[in-house]
Amino acid sequence: MPAAGDVAGDVAGIWRDEFDAALEEGGLFQLTMHPHVIGHRSRMAVLRELLEHIDAQQGVWYATHAQVAEYVLEQAS
């Protein structure tokens, strides 16, 4: 658990929790990186940790928005 005032740790925890919940629900995790959140050097380490966490999971699919849209359309027909 990050120390109080550890903004990078807070961001890491939020992103990881969001991914874990989406994975558990079988849903989509879409990471939105606003410049005021990702635009700090410390966030690169946090992003690297998140990607390592995601890579360690089974059945994860990295896709573009277009690929996701195609998949949804195929599932709907």
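The values are calculated or read from the model by the stated rules, or taken from the named source; none is laboratory data. These figures come from a predicted structure and were not determined experimentally. Don't worry about glycine lacking a Cβ; one is built from the backbone with ideal geometry, like all the others, and counts go over all protein chains shown. Side chains are part of the model used for accessible areas, which takes the heavy atoms of the whole protein and leaves out ligands, DNA and RNA. Shrake-Rupley method; radii C 1.70, N 1.55, O 1.52, S 1.80 Å.
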Exercise. Got a number for the accessible area of Trp61? Probe 1.4 Å, square angstrom, nearest 10.
Worked result: 140 Å²
Exercise. Once phi is turned into θ = phi - 60°, what whole-Hz ³J(HN,Hα) does the Karplus curve with 6.51, -1.76 and 1.60 give for every residue of the range 52-69, x standing for Gly and Pro?
Worked result: 5, 4, 5, 4, 6, 8, 7, x, 7, 10, 8, 9, 7, 4, 4, 5, 5, 4
Exercise. In the full protein assembly as shown, how much of Val11 is accessible to a 1.4 Å probe, in Å² to the nearest 10?
Worked result: 20 Å²
Problem set entry | Nearest-10 value in Å² for the accessible area of Asp10, using the 1.4 Å probe | 70 Å²
For this session: Order Ile38, Ile14, most accessible first, counting only protein heavy atoms with a 1.4 angstrom probe.
Result: Ile14, Ile38
Exercise. Ignoring ligands, DNA and RNA, what percent of the accessible area of the chain is carbon or sulfur (1.4 Å)?
Worked result: 55 percent
Seminar exercise, completed: Simple SL model, points at 7 angstrom along Cα→Cβ for Leu23 and Ser77; separation in nm is 3.2 nm
Exercise. Taking only the alpha-carbon positions of the chain and ignoring solvent, what does the Debye formula give for the base-10 log of I(q)/I(0) at q = 0.19, 0.21 Å⁻¹?
Worked result: -0.89, -1.03
For this session: Calculate, for the chain, the solvent-accessible area per residue in square angstrom, rolling a 1.4 angstrom probe over the heavy atoms of the protein chains.
Result: 78 Å²
Problem set entry | Average Cα contact separation per residue, the chain, under 8 Å, 6 or more apart, as relative contact order % | 28 percent
